[in-house]
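The values are calculated or read from the model by the stated rules, or taken from the named source; none is laboratory data. Since we're looking at a predicted model, the values are computed, not measured. In this analysis, Cβ positions are derived from the backbone assuming ideal geometry, glycine residues included, and neighbour counts consider all displayed protein chains.
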Amino acid sequence: MRVSVKWLSEYLDLSGIKPVDLADQITLTGIEVDDVSLPAVTLEKVVVGEVLTAEKMPDSDHLKATMVEVGEEEPVSIVCGAPNVKVGQKVIVALPGVKLPNGLKIKKSKLRGVKSNGMICSLQELGFSDSVVPKKAEEGIYILPEDAKIGHSVLPYIGLDDAYIELDITPNRADALSMRGVGYEVGAILSQKPSFPEVTVTEDKEDKVENYISVSVEDEKDAPVYKMRVIKNLKVNESPMWLQRKLMNVGIRPIDTVVDVTNYIMLEYGQPLHAFDYDALESKRIDVRRAHKNESLVTLDDQTRKLNQDNLVITNGGVPVALAGVMGGLNTHVTEDTQTVALEAALFESSVIRKTAQSLNLRSESSSRFEKGLNTATIEEALDHAAQLIADLGSGQVVSGVAKVEAIQPKDKKVTLAIDKINQALGTELVMDEVVQLMDRLGFETETSTLTLTVTVPPRRWDIAIEADIIEEVARMYGYNRLPSTLPKSESIPGELTPKQRRIRETQRFMEGAGLSQTISYALTTNEKAKAFSRHEGEPVSLDWPMSEEHQALRMSLLSGLLDNVQYNVARQRKSVSFYEIGRVFHADSNKKRPDELTHLAGAMTGSRIEANWQENEQNVDFYTAKGILEEWFILMGIEEEISYAPTSAYEAFHPGRTAEIIWKNNVVGLVGQLHPLLAEERDLKETYLFEIDVDALLDVEKDTLIHVPTPKYPGTSRDIAFVVDEAVLNDSILSVMKQNGGKALKTIKLFDLYQGQNIEDNKKSMAYNLVYQNPEATLKEEEVTKDFEMLKTALVETFHAEIR
Amino acid sequence: MEMEKKLATLLEKAKQEISEAKDLKEIENLRIKYLGKKGEVTSLLKGMKDLSPKERPVIGKKANEVRDALTVILSEVKGKREKEKLEKQLAEETIDVTLPGKSITTGQPHVMTQIIEEIEDLFLGMGYQIIEGTEVETDYYNFERVNLPQNHPARDMQDTFYITSELLLRTHTSPVQARILEKHDFTKGPLKMISPGKVYRRDTDDATHSHQFHQIEGLVIDENITMADLKGTLELLAQKMFGKEREIRLRPSYFPFTEPSVEVDVSCFKCAGKGCRVCKQTGWIEILGAGMTHPHVLEMSGIDSNKYGGFAFGMGPDRIAMLKYGVNDIRNFYLNDQRFLEQFKRKG
Ligand SMILES: [Zn+2]
């Protein structure tokens, strides 16, 4: 809502208040101010001129040489390109020295040998947007009224001597979507009672509205109030300057007297109006009803609208002539030939208007006011005011009487509450008198007893209904910034992270320590990316009405996003990238209403782990880099003993020979492996290693209380063993045989060498392990260790045909 | 006195040789040569038996003096040579300490994580719990339970990604509050919670809009909670995030789930309120929305709004990070350009 300060001062005394200060007060008391535009000081030398001569220039098809009287000693010579410039017109003249809003600086100059010492301006050149300039003035200069005073500043004529405050009105304060509403609000801030001119209608007593029209409403819930007046013997004109000026400056294009008045009254009262060309109505009956199925209406914008039961229509003789509250029909709209107008002021059910406006994508100033509610106390006043103004501007007469349906009467609301309740809510110590004064500023009457007050709220503040609403009014009138500052005085229970939250933080710090940086990617992605890399079967959860293909489905895996991130960085000369992400993935489950929402941890690494430097050779990341990180993380989570890895070639996106399923408690909980070389090539990546783990279950595990194990007192003994086995034998299988057959004292097994090549048969490998034996109770005897060691050897030979070396 | 003379000569000769010894081995050899069992001092003293009884103690004393003197000088020279050896070794071991160290690669948390954890820690310290909730929500919890029924005009304020007519991507973290409100047992104490997480809006991504961003909302419900408590809490928050000298300013606003509702500005941390580009010359920067929990919201969760009341507040970590670090494009947070991310390695 754009508020003219001059217009506002028709209701209130704003002398001595700077618009900027007023805007600040409005912001701090109730309504956010988006912007304040101040009078156009740079346009001071833009004056009213009269065109004395206008001669076509011989060597141009559109330029005219004009002499313009601007109140100086001599008329000014100006070359003008506007098609509509004519002798005798009062026009807007920018004299040398003026800088126009579009940056153009006016200078004395010569055009094709003719002096041009100024410029005759269009409204656009003074900063008005195309959409608000009257149609007639769109293609040329703007013509001022005949009585405009030559040589005087043009600013008052076009409203640029005014300041405009742009209000950002929240849905609860639709009462301020009108100048009168803003008048009350600003009055409350300044402790002034706004005064509005009284509206009187001069009716033609001989002619009654019944002679023209009768109105009815099918369902009073849809249209609790519907009123109509008739104005006759009209001449539809261009509106006077004052009206055009008011509309243009708040962003509405002047059209003609009838349309301009309906807009003007809507701005003043917040009451949308609609004018029908009475002669285009074929019947004397207006009925408001729901549209029938398959009914249609050609609206003002020449579109055929297919209607249905959700739409409310104004019908004439059974035929729809307007979409109630949204848009009029083409056939009945006012034209310059209109002589009689049927003017509608109504109250429509907001949800019906909302639905219609939304489904037909026809949001307007009118429909949004019906959606947000309006002041039921001024429906008829607005109608009267508009009817009189239309009659005045078009030298017509208002027919006597109002055709109406009026199912509700405007009523004050009373809210009773205890003063303690106010103080309790705000933390204040207000006394009754103070509260009464605050309500008085808002124009709300109060009745008080010792402990309670009853506030009478007029219909113009339909947002107020309950105690909390009154408390809010008290608070904003008192001033939020005068409230004390305290902290809740509740018992103090220390807050703490849940075990899961703590583990997530530990996980993040661990991953960062291990060299991975955290990323946060979009959860919405393409359908294809959403399911790529997922271990979960099925289609992703996708949006009903996505904005783009790029963001249409919810990710089922974090890896697509992570890989995009890796690719983005590699494409920017970043050779090595290590990222991790922890976040939600979404799995559709047809048996459940909601998708499963799981927390996953994923990592992606490419390039080198150690970059070549003056001391070290480059070390590239490999499968075991990724696995090593996970192994250490499982230790941190306390589940390293429960985790195993199984080779898998079941996942298309992964290297079939370099990928393992991570198994925990007999369930696959994740994958670690190499991105399939073909996919890597597609993304222009070198070897890239990935992991992704469903961490929800893992993080929820109750960790066993850690009990300290005493550092061994007795020395351990170690043995090395090396043997040759088939290449296909897994390290895990060897370890499990060793553990089963190694005896009680075998504490740790460490692989220290793996060799294939010279001196080893093809398809065989040599493995060497270091075994540590220890007895916490006593020193181990050599013979015991030797005995256990021999048993282990035998088992390896028997199980794997190992050749001990 | 011949004996005495011999001892003196021996001493001089030994002193000379010892002082010229080049290394520890030579010193040891000299020790054996002079002071060993078969050393020169010992063999010289063998001649003592030929001396007169009167002379013997004199020469014996003299011989001991020579022995002591040699021991001292041996140890002195030995110490000196040891020191020289160490010095030589250290000199040889000297390296160029200005060469670069071996690289340790560490990653860093995303800047958003840093901001969120900072806020979480502040509220944990004040006894709040952290509750996350789900990102896919029902229309009912996302809208109706926060006082935004179907056809409520304020639904325009949030354009929503719907999955079905009932399911959507949450547009704020408020549904978490609604869910906790219905579960909380007030006989066990007040409810104090914050809910951080991702939220989604139907917005075209540009420098200031993102279809995915973060939010942290807070909620306190108890008996006797006042708007002054809200103000005090938010003051602490503003000072923690933007510096001790910050002030806050409350402006009336509208949120369906609170009444009164306020928008909260913090005094500009760039210009300390004088007016600059960051604060658009106003001296204030909007950082939060807040208010007193609407009685309907409590009633919908089965809580007696006459007995209990409280406040709620919400903020956007993305916006806070943009303000705090001068990031001018919100898309940077989701682009994951390492050059951007690693700037936040250093903790402010
Ligand atoms: Zn500033």
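Of all the criteria given as (1) within 42 Å of the chain's Cα centre (by Cα); (2) within 14 Å of chain A (Cβ to nearest Cβ), the one not satisfied by B:T94 is (2).
In a residue-by-residue description of segment B:245-260, the property of being among the small types (G, A, S) and within 16 Å of the ligand (Cβ to nearest atom) applies to no position. Just one of the listed residues (A:K193, A:K235, A:K221) is surrounded by fewer than 21 Cβ atoms within 10 Å (Cβ to Cβ), closer than 30 Å to A:R290 by Cα and out of contact with any strand residue (DSSP E or B) (no Cβ under 7 Å at 6 or more places or on another chain), namely A:K221. When segment B:105-138 is limited to residues that are in a strand (DSSP E or B) and more than 7 Å from chain A (Cβ to nearest Cβ), the one that is farthest from A:R509 (Cα to Cα) turns out to be B:T138. Quick check on segment A:488-505: of everything there that is touching a residue at least 24 places away in the same chain (Cβ under 8 Å) and either touching a helix residue (DSSP H, G or I) at 6+ places or on another chain (Cβ under 6 Å) or in a loop (DSSP other than H, G, I, E, B) (or both), which residue is nearest to the other protein chains (Cβ to nearest Cβ)? Ranking the candidates gives A:K500 first.
Is it true that some residue in segment B:284-304 is without any contact (Cβ under 8 Å) to a residue 12 or more places away in the chain and away from the ligand (no atom under 16 Å from the Cβ)? So far as segment B:284-304 goes, yes, one or more of its residues are without any contact (Cβ under 8 Å) to a residue 12 or more places away in the chain and away from the ligand (no atom under 16 Å from the Cβ). The criterion of being in a strand (DSSP E or B), at pLDDT 95 or above and touching a helix residue (DSSP H, G or I) at 6+ places or on another chain (Cβ under 6 Å) does not hold for A:T456.
Could you look through segment B:185-200, keep only residues that are more than 10 Å from every other protein chain (Cβ to nearest Cβ) and surrounded by fewer than 18 Cβ atoms within 10 Å (Cβ to Cβ), and pick out the one that is farthest from the chain's Cα centre (by Cα)? Only one residue fits best here, namely B:T187.
Kindly indicate whether A:P101 is surrounded by fewer than 19 Cβ atoms within 10 Å (Cβ to Cβ), over 20 Å from A:E55 (Cα atoms) and not charged (D, E, K, R).
Details: surrounded by fewer than 19 Cβ atoms within 10 Å (Cβ to Cβ): yes; over 20 Å from A:E55 (Cα atoms): yes; not charged (D, E, K, R): yes.
Spelling it out, A:P101 is indeed surrounded by fewer than 19 Cβ atoms within 10 Å (Cβ to Cβ), over 20 Å from A:E55 (Cα atoms) and not charged (D, E, K, R).
Residue selection: A:N375 fails the criterion of being within 11 Å of another protein chain (Cβ to nearest Cβ) and at negative phi. Taking the criterion of being in a strand (DSSP E or B), modelled with pLDDT under 90 and hydrophobic (A, V, I, L, M, F, W, C), the only residue of segment A:47-64 that qualifies is A:A54.
Please tell me if A:V36 is assigned to a strand (DSSP E or B) and either in the same structural domain as A:V182 (by TED's automatic domain parsing) or aliphatic (A, V, I, L, M) (or both).
yes
Within segment B:261-278, if we keep just the residues that are modelled with pLDDT of 90 or more and either near the ligand (Cβ under 7 Å from one of its atoms) or at the interface with chain A (Cβ under 9 Å from one of its Cβ atoms) (or both), the residue that is farthest from B:S305 (Cα to Cα) turns out to be B:C268. Inspection of segment A:396-413 finds a residue satisfying the criterion of being in a strand (DSSP E or B) and free of Cβ contacts under 8 Å to residues at least 60 places away in the same chain. For B:K85, indicate whether it is touching a residue at least 40 places away in the same chain (Cβ under 8 Å), in a helix (DSSP H, G or I) and over 30 Å from A:T599 (Cα atoms). Here the answer is yes, as B:K85 does meet what is asked.
Could you please let me know if B:K102 is at the interface with another protein chain (Cβ under 10 Å from one of its Cβ atoms) and over 23 Å from A:P499 (Cα atoms)? Considered against the rule, which asks whether it is at the interface with another protein chain (Cβ under 10 Å from one of its Cβ atoms) and over 23 Å from A:P499 (Cα atoms), B:K102 comes out as yes.
Pairs linking a residue in segment A:343-372 that is over 30 Å from A:K232 (Cα atoms) and more than 10 Å from chain B (Cβ to nearest Cβ) to a residue that is among the β-branched types (V, I, T) and part of a helix (DSSP H, G or I), with Cβ atoms under 9 Å and 6 or more positions apart or on different chains, are A:L362/A:T356. Residues that are more than 16 Å from the ligand (Cβ to nearest atom) and more than 11 Å from every other protein chain (Cβ to nearest Cβ) do occur in segment B:338-345.
Residue-by-condition table, conditions (1) within 27 Å of A:W7 (Cα to Cα); (2) of a type in the set (A, V, I, L, M, F, W, C); (3) surrounded by 19 or more Cβ atoms within 10 Å (Cβ to Cβ); (4) modelled with pLDDT of 90 or more:
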site: A:K90; (1), (2), (3), (4): yes, no, yes, yes
site: A:E125; (1), (2), (3), (4): yes, no, no, no
site: A:S129; (1), (2), (3), (4): yes, no, no, no
site: A:E139; (1), (2), (3), (4): no, no, no, no
site: A:Y157; (1), (2), (3), (4): yes, no, yes, no
site: A:I165; (1), (2), (3), (4): yes, yes, yes, yes
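Counting just the residues of segment A:658-669 that are under 15 Å from A:F691 (Cα atoms) and out of contact with any Leu (no Cβ under 8 Å at 6 or more places or on another chain), which one comes out surrounded by the most Cβ atoms within 10 Å (Cβ to Cβ)? Checked segment A:658-669; the qualifying residue surrounded by the most Cβ atoms within 10 Å (Cβ to Cβ) is A:R658. The strands (runs of 3 or more DSSP E) found entirely in segment A:514-613 that carry 2 or more residues being closer than 20 Å to A:V668 by Cβ and out of contact with any His (no Cβ under 6 Å at 6 or more places or on another chain) are A:577-587, A:596-606.
Just one of the listed residues (A:E692, A:E652) is within 40 Å of the chain's Cα centre (by Cα), closer than 16 Å to A:V566 by Cα and not hydroxyl-bearing (S, T, Y), namely A:E692. Look at (1) crowded, with 24+ Cβ neighbours inside 10 Å; (2) of a type in the set (A, V, I, L, M, F, W, C); (3) in contact with a Phe, Trp or Tyr (Cβ under 6 Å, 6 or more places away or on another chain) and you find that A:V261 fails only one, number (3).
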